[in-house]
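Below is one structure, written out as structure tokens; comments come after it.
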């Protein structure tokens, strides 16, 4: 039976940790130049409704390194951009390809795409979730900190798709999470409720100092995401005090690490001194998108090809 990668909470901790193990093996092979054509001859359709740097490059390169081929499809250059129903696109692509990765706005749309596809669907980003990024983030923490589940994680900034995904991750993996957002910029209420029901160890606060004190892992994102550019000035006022800078990092654990999913607006949500400083693992995190997504594709598409 095919399985999709739409949201972390669709998977168990054991399943996701198996992906980390595979990721570690694939990264070693990549660095050594050892072929690992686990998806030899397979094709991944990549649908983009949102612009991308890391998502497109990492999936396209990753599919090539796995022995397969990736197709870049911008929605405006396909019949989807002219109103073709998702259910029709899903069934057509299922006849041509072995997997679909989509980077889009609507979580509902991606769920319909997965429901109507007979091949695995991977969430490259929606306005609700960014699960591939969180997997890369956690794998990077594992590389730097090893026992990742005993650490204190901190999210500072907007209650966006990244915050939602960190909340899901805390529920699945069981680590402690603090989420600091300005009033009115809270994470999704339904996701928060599900996490509380699951017994997740999460502190929600409007005080970034409270969130960061003693934390091992600090994470943030831009204050105005794609589609919110007209709110930039309003958000700059609301997020004053939520910048990850030298003063805030000094309150965290002395050996803390700092992450950012990129692109960063240097001088807004994070300073140059932190991005380029000793606590930053941001560019390791960016590279690990490649290795983690290879593990995700191999897990889903190898499984599907065996059915």
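Could you pull out the residue among 127, 158 that is part of a loop (DSSP other than H, G, I, E, B), surrounded by fewer than 23 Cβ atoms within 10 Å (Cβ to Cβ) and over 9 Å from the mean Cα position of the chain (by Cα)? Lay out the reasoning, then the answer.
On the way: 158 fails: surrounded by fewer than 23 Cβ atoms within 10 Å (Cβ to Cβ).
Answer to the selection: 127.
Suppose we filter the range 221-237 for residues that are at pLDDT below 90 and closer than 21 Å to residue 258 by Cβ; how many remain?
Taking the range 221-237 as the starting set, the residues that turn out to be at pLDDT below 90 are 224-233.
Checking which are closer than 21 Å to residue 258 by Cβ leaves us with 224-225.
Matching residues across the range 221-237 total 2.
When the range 31-83 is filtered for residues that are in contact (Cβ under 8 Å) with a residue 12 or more places away in the chain and at positive phi, the ones remaining, listed by number, are 41, 67. The criterion of being in contact with a helix residue (DSSP H, G or I) (Cβ under 7 Å, 6 or more places away or on another chain), surrounded by 21 or more Cβ atoms within 10 Å (Cβ to Cβ) and part of a helix (DSSP H, G or I) does not hold for residue 163.
Can you confirm whether the range 84-96 contains a residue that is in contact (Cβ under 8 Å) with a residue 40 or more places away in the chain and over 20 Å from residue 291 (Cβ atoms)? Yes: the range 84-96 contains one or more residues that are in contact (Cβ under 8 Å) with a residue 40 or more places away in the chain and over 20 Å from residue 291 (Cβ atoms).
If you check residue 207 against the conditions, is it within 26 Å of residue 104 (Cβ to Cβ) and touching a strand residue (DSSP E or B) at 6+ places or on another chain (Cβ under 9 Å)? So residue 207 fails the test.
Counting only strands (runs of 3 or more DSSP E) that fall entirely inside the range 34-118 and contain at least 1 residues that are surrounded by fewer than 20 Cβ atoms within 10 Å (Cβ to Cβ) and at pLDDT 95 or above, the qualifying elements are 43-48, 69-74.
The values are calculated or read from the model by the stated rules, or taken from the named source; none is laboratory data. Just so we're clear, the structure is a prediction, and the values are computed from it rather than from any experiment. Positions of Cβ are generated from backbone atoms using ideal geometry, with glycine treated the same way; all protein chains shown enter the neighbour counts.
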